[in-house]
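Q: The structure follows.
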Amino acid sequence: MQIVAKAILAVLWLVIVPGAAGIPYLKNKKNFAVGEALLAGYLFFFSAGEIFLLLSIVLDVSLNLAAGILGGFMILSAVYGISLLRGIGKDRWKRALEQMRLLSPWFWAAVLMIAIQIFVVVYYAHMDADDAFYLGTATSAVETNTLFSIDPYTGAAYGTLPKRYILSPFPVLLAVISRLCMGLHPAILAHVIYPAVFLPAVYLCFYYMGKKWFPQNRNSQGMFLMFAAILTWFSGFSVYTSGNFTMVRIWQGKALLAGFLLPLTFYLCWCLFLEEEKSGSFALLAMANLACCHVSSMGIMLSPIMIGMLALMGAVKKKSLKVLFQGILCCCPSLILGTVYIFL
């Protein structure tokens, strides 16, 4: 029974709470979908994790205190998001069900393929050499009730904090979620729960890309999603492809960056910079930049490069320097953390 309770808590903290917390960033959008709220919620969760956990590491607080503060903040954000749903009538839910009935057979075939992928990744869990650091850091934090104080390779206390990883404390977030889930072991979270949560999020991002590029053709939307699933499934020709990272080690920050957050950042940039009438949110794009910084130090560099290039393309297309300036503003988290990284 205890493992069931922990699994329910994992669903609460990794699906329900982020999904509810993402609603406020879509409240001005007509007919936003549950999937959009979930994607916005993950950006909000990772952004909050970056801010709160960096401060917690600098102030040298305990894991219990950091988990309590971040967990309390997310619960309050989720409650606020749910409170905004009071004005949504039954007609909206009926429209959502009607939209599901109209989905093409290609879409459901892609969903079946993705479900098989999730089963394979969870059941035949890959044991990666990098787990020695990422899972070791999370497990050390859980066992000692500290944050980034123990070297996972030796078990000794750090003399100085690891400069390469300190600005991207994604392994610490794993320890926080472990604490919030009644001590569910970080290895179980990483190898079983994370793939079941984040692989659907990856394909949810591709689904909305398909809807954006083929707005009137549901068959094309389904085929695009299936094509993305096939490319991911057969990307094992190299250990360095984003598809291989997604399928093999989605619980690691760099895999989440390559497979999920950079494509989502690209999608948000497309909505903001490359459409005649923008349909995105600058707040979400700024949070996407901060989320990229949170999961991997590579995100501190790669995210602003992507945002900057697409903002430049938008500025040329729309013949407006305002677009470029807006893109630079959304990169502020990377610019600040990049400066700190150089000084470190």
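Q: Right, Met309: surrounded by 17 or more Cβ atoms within 10 Å (Cβ to Cβ) and over 29 Å from Ala129 (Cα atoms) or not?
A: It is false that Met309 is surrounded by 17 or more Cβ atoms within 10 Å (Cβ to Cβ) and over 29 Å from Ala129 (Cα atoms).
Q: Considering each of Met182, Met247 in turn, give the residue that is open to solvent by 10 Å² or more (accessible area, probe 1.4 Å), more than 19 Å from the chain's Cα centre (by Cα) and of a type outside the set (Phe, Trp, Tyr).
A: Unique residue meeting the criteria: Met182.
Q: Which residue, of Leu54, Leu63, is open to solvent by less than 30 Å² (accessible area, probe 1.4 Å) and either at negative phi or free of Cβ contacts under 8 Å to residues at least 12 places away in the same chain (or both)?
A: Result: Leu63 is the single residue among Leu54, Leu63 that is open to solvent by less than 30 Å² (accessible area, probe 1.4 Å) and either at negative phi or free of Cβ contacts under 8 Å to residues at least 12 places away in the same chain (or both).
Q: What residue, among those in region 321-344 that are hydroxyl-bearing (Ser, Thr, Tyr) and in contact (Cβ under 8 Å) with a residue 24 or more places away in the chain, is surrounded by the most Cβ atoms within 10 Å (Cβ to Cβ)?
A: Ranking the candidates gives Ser334 first.
Q: Mind counting the residues in region 300-344 that are more than 18 Å from Trp270 (Cβ to Cβ) and part of a loop (DSSP other than H, G, I, E, B)?
A: Number of matching residues: 2.
Q: With respect to Lys254, is the statement that it is surrounded by 19 or more Cβ atoms within 10 Å (Cβ to Cβ), on the phi < 0 side of the Ramachandran plot, touching an Asp or Glu at 6+ places or on another chain (Cβ under 9 Å) and in contact (Cβ under 8 Å) with a residue 24 or more places away in the chain true?
A: So Lys254 passes the test.
Q: A further question follows. If His126 meets every condition in (1) of a type outside the set (A, V, I, L, M); (2) within 30 Å of Ser178 (Cβ to Cβ); (3) modelled with pLDDT of 85 or more apart from one, which number is that one?
A: For His126, the failing item is (3).
Q: Restricting to helices (runs of 4 or more DSSP H) lying wholly in region 1-116: which have 3 or more residues that are at pLDDT 95 or above?
A: 34-59, 63-83
Q: So, in region 290-344, of the ones that are of a type in the set (S, T, N, Q) and closer than 14 Å to Leu272 by Cα, which residue ends up farthest from the chain's Cα centre (by Cα)?
A: Checked region 290-344; the qualifying residue farthest from the chain's Cα centre (by Cα) is Ser320.
Q: Could you check how many residues of region 182-222 are over 24 Å from Asp130 (Cβ atoms) and either out of contact with any Asp or Glu (no Cβ under 9 Å at 6 or more places or on another chain) or not hydrophobic (A, V, I, L, M, F, W, C) (or both)?
A: Of the residues in that region, 18 qualify.
Q: Mind telling me which of the residues Gly280, Gly222 ends up being under 17 Å from Gly35 (Cα atoms) and open to solvent by 10 Å² or more (accessible area, probe 1.4 Å)?
A: Gly280
Q: Let me ask another. Can you tell me which of Leu204, Leu161 is open to solvent by 50 Å² or more (accessible area, probe 1.4 Å) and within 22 Å of His294 (Cβ to Cβ)?
A: Leu161
Q: For region 127-140, give me the residue count where each residue is part of a loop (DSSP other than H, G, I, E, B) and either farther than 23 Å from Ser168 by Cα or hydrophobic (A, V, I, L, M, F, W, C) (or both).
A: Qualifying residue count for the region: 2.
The values are calculated or read from the model by the stated rules, or taken from the named source; none is laboratory data. From a predicted model like this one, the values you see are computed outputs, not experimental measurements. Neighbour counts are summed over all protein chains in view; Cβ atoms, including those assigned to glycine, are modelled from backbone coordinates with ideal geometry. These accessible areas exclude ligands, DNA and RNA; they are computed on the full protein's heavy atoms, side chains included. Shrake-Rupley method; radii C 1.70, N 1.55, O 1.52, S 1.80 Å.
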